[in-house]
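Here the structure comes first, spelled out in structure tokens, and everything after it is commentary.
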Amino acid sequence: MFIANVLQPLIDACEAVLTFWHDLIGDFPNSWGWSIILLTFTVRILILPLTFKGVKAMQRLQTLQPEIKRIQARYKDDKQRMNQEVMAFYQREKVNPLGSCMPLLLQVPFFIALFYLLRSDSFKEDIADNPGFYAIDNLAEKVTGDPVLLGALIVLYVGTQLAASAVTMVSADPMQRRIMLALPFVFVVFIINFEAGL
């Protein structure tokens, strides 16, 4: 519950954006599902500048890679000194090695906020008269009875995550690329028990 309390302003903001989209598009069958999709696009657009910054940071790191390799080769017998020299090199070059991870990390609080929002009583009351989205009976409930639907949602999730990561994967080194490709599959283990709307 601590996380929900800390993220309450973000949960409220997500609810406001979700309600805005729902009010804008109107109350028709499947409208809450479309509102969740529009909320997702809104979040993606908001973090787009940081995504581009992350891509630039990744490209900058690649250009510095030969010098980093030289430092690593020079101090290969002294790991602590090697790490100090690499960090000093990053500082001299004004590069943050974690800069490329920021867009991914920024999505996590929004994901958690949407998680709590979809479980809230107020959301369940809002969608009471219109809870479904095409084949999904209720956006605020888990998809448990239909393995085909659950499989389709997992494929959709993995596909959209890979598509969203494609921008940053272009300039990533092979190790980063493998991590970005693997993460959506790792998260499937967790999201399989989440609400359908998430």
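Descriptive notes on the structure:
- Residue-averaged 222 nm ellipticity for the chain, from DSSP H runs of 4+ at -39500 (n - 2.57), nearest 500: -24500 deg cm²/dmol
- Whole-angstrom Cα spans of the stretch 51-136 along principal axes, big to small: 67, 24, 24
- Lysine pair count for the chain [Cα-Cα under 26 Å; pairs on different chains or 8 or more apart]: 9
- A straight chain from residue 44 to residue 90 at 0.36 nm per residue would run longer than the Cα-Cα distance by 13.7 nm.
- Computed on the Cα atoms alone, the convex hull of the chain gives a volume of 148 cubic angstrom per residue.
- Amide H contacts of residue 142 (H built 1.01 Å from N, in plane; Pro and chain starts excluded): 196 sit under 5 Å, all sequence-distant by 5 or more or on other chains.
- Of the trypsin sites (Lys or Arg not before Pro) found in the stretch 64-144, those that fall in a DSSP loop while having at most 14 other beta-carbon atoms within 10 Å are 76, 94.
- Folded to 0 to 90 degrees: helix 174-191 orientation relative to the chain principal axis, Cα: 30
- Look at the dipole of the chain built from charges on Cβ: of 62, 9, 148, the Cα furthest out on the positive end belongs to 62.
- Whether the stretch 1-61 is rounded, prolate or oblate, judged on the alpha carbon gyration tensor where a/c under 1.5 counts as rounded: oblate
We did not get these values from a lab; they are worked out from the coordinates using the rules stated. Everything numeric in this text was worked out from a predicted model, so none of it was measured. Counting neighbours? That spans all protein chains shown, and the Cβs are built from the backbone with ideal geometry, glycine included.
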